[in-house]
Amino acid sequence: EMRGLFEPYGNLKNVTLLHNQATGRSRGCGFATFTDRDSANNAIASLHGKYTVPGAKQFIIVKYADTPAQREERRLSKMQGGGGATGGMYGGFGGMP
């Protein structure tokens, strides 16, 4: 289903959905990897905050994936009660049931 959502926006290399290892249930997020930046930008511009997955209550978030440094910054910030940062090289999406 997610592959079909992202394919119209460019050269899609891979789609990965994240699952809870203990339950096998979707974690509500994943990654769409495109072969080029233009395709990723096209998907972000077309889908971010504009599409709701059937059964979900929120629009999906489509953005570049965080870099390792940004993930660590977000982890540390959460430990201190703050927010996080975004950016990176690969696309990520979330907001699914």
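The values are calculated or read from the model by the stated rules, or taken from the named source; none is laboratory data. Every value quoted in this text rests on a predicted model; they were computed, and no experiment measured them. Backbone-built Cβ (ideal geometry, glycine too); neighbour counts: all protein chains shown. Heads up: the accessible areas ignore ligands, DNA and RNA and are worked out on the full protein's heavy atoms, side chains in. Shrake-Rupley method; radii C 1.70, N 1.55, O 1.52, S 1.80 Å.
Give the range 14-34 a look and list any residue that's over 19 Å from HIS48 (Cα atoms) and either of a type outside the set (Gly, Ala, Ser) or in contact with a Leu (Cβ under 7 Å, 6 or more places away or on another chain) (or both), or say none. Scanning the range 14-34 gives HIS19, ASN20, GLN21, THR23, ARG25, SER26. Which residues, taken from the range 75-97, are open to solvent by 70 Å² or more (accessible area, probe 1.4 Å) and at pLDDT below 70? Selection gives THR86, MET89, TYR90, PRO97.
Note on the range 56-70: among residues that are charged (D, E, K, R) and under 21 Å from PHE34 (Cα atoms), the one that is farthest from the chain's Cα centre (by Cα) is ASP66.
For first residues located in the range 64-76 and farther than 16 Å from GLY30 by Cα, partners that are of a type in the set (Asp, Glu) and modelled with pLDDT under 90 and lie 6+ apart or on another chain with Cβ distances below 8 Å form the pairs ARG74/ASP66.
Among the residues of the range 35-48 satisfying the criterion of being open to solvent by less than 30 Å² (accessible area, probe 1.4 Å) and not hydroxyl-bearing (Ser, Thr, Tyr), which is farthest from ASN14 (Cα to Cα)? By that ranking, first place goes to LEU47. Taken together, the residues in the range 58-74 that are modelled with pLDDT of 90 or more, over 18 Å from LEU5 (Cα atoms) and in contact with a strand residue (DSSP E or B) (Cβ under 9 Å, 6 or more places away or on another chain) amount to 0. Filtered by the rule that a residue be touching a residue at least 12 places away in the same chain (Cβ under 8 Å), among the β-branched types (Val, Ile, Thr) and either farther than 13 Å from TYR64 by Cβ or not in a strand (DSSP E or B) (or both), the range 6-48 gives VAL15, THR16, THR35, ILE44.
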